[in-house]
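The values are calculated or read from the model by the stated rules, or taken from the named source; none is laboratory data. Treat the numbers as computed from the prediction; the structure is a model and nothing was measured. Cβ atoms come from the backbone with ideal geometry, glycine included; neighbour counts cover every protein chain shown.
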Amino acid sequence: MKPVKLFYLRNCPYCKKALRYIDEAKAAHPELAAVAVETIEESEQSDVADSYDYYYVPTFYVGDEKVHEGGIWPHEVEAVLRRALE
């Protein structure tokens, strides 16, 4: 299983949705429950965030690959989590 990182901002409405969609995907698909998602609040961990190449939040990395950046839908979150299982 590959590690997943989610870069977000606390007050970002798209980020709040992404976090909710993670919980919903894990609840609906038990096989995804094992996927650990490291959440990095970019304003609190700017040193970590600055070492990654992205502009918009939420941004997902699976392993070292950026797989999604910007506004997101539930099916896209599910796809990110499934990618971590590959």
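Quick check on this structure: which one of 84, 36 is farther than 11 Å from residue 7 by Cβ and without any contact (Cβ under 8 Å) to a residue 40 or more places away in the chain?
36
Only one residue in 74, 30 is surrounded by fewer than 20 Cβ atoms within 10 Å (Cβ to Cβ), modelled with pLDDT of 95 or more, touching a Phe, Trp or Tyr at 6+ places or on another chain (Cβ under 9 Å) and at negative phi. Which one?
Exactly one residue qualifies, and that residue is 74.
Show the residue pairs meeting these rules: Cβ distance below 7 Å; 6+ apart or different chains; first residue within segment 3-20 and farther than 20 Å from residue 36 by Cβ; second residue charged (D, E, K, R).
Final answer for the pair search is 9/41; 9/42; 10/41.
Just name the residue that is farthest from residue 9 (Cα to Cα) out of those in segment 30-49 that are outside any strand (DSSP E or B) and among the acidic types (Asp, Glu).
Among residues in segment 30-49 that are outside any strand (DSSP E or B) and among the acidic types (Asp, Glu), the one farthest from residue 9 (Cα to Cα) is 31.
Being at pLDDT 95 or above, within 14 Å of residue 5 (Cβ to Cβ) and not small (Gly, Ala, Ser) narrows it down to one of 56, 21, 61, so name that one.
Of the residues listed, the single one that is at pLDDT 95 or above, within 14 Å of residue 5 (Cβ to Cβ) and not small (Gly, Ala, Ser) is 61.
Do we find that residue 56 is touching a residue at least 12 places away in the same chain (Cβ under 8 Å), surrounded by 11 or more Cβ atoms within 10 Å (Cβ to Cβ) and farther than 17 Å from residue 79 by Cα in this structure?
When the stated conditions are applied, residue 56 passes them.
Regarding segment 3-15, can at least one residue be identified that is hydroxyl-bearing (Ser, Thr, Tyr), modelled with pLDDT of 95 or more and touching a strand residue (DSSP E or B) at 6+ places or on another chain (Cβ under 9 Å)?
yes
May I ask you to verify whether residue 79 is within 13 Å of the chain's Cα centre (by Cα) and without any contact (Cβ under 8 Å) to a residue 60 or more places away in the chain?
Here the answer is yes, as residue 79 does meet what is asked.
Assigned to a helix (DSSP H, G or I), buried (at least 16 other Cβ atoms within 10 Å of the Cβ) and either among the basic types (Lys, Arg) or over 11 Å from the mean Cα position of the chain (by Cα) (or both): is that true of residue 18 in this structure?
Judged against the criteria, residue 18 is not a match.
For segment 59-75, enumerate the residues that are in contact (Cβ under 8 Å) with a residue 24 or more places away in the chain and in contact with a strand residue (DSSP E or B) (Cβ under 9 Å, 6 or more places away or on another chain).
The answer is 59, 60, 61, 62, 63, 70, 72.
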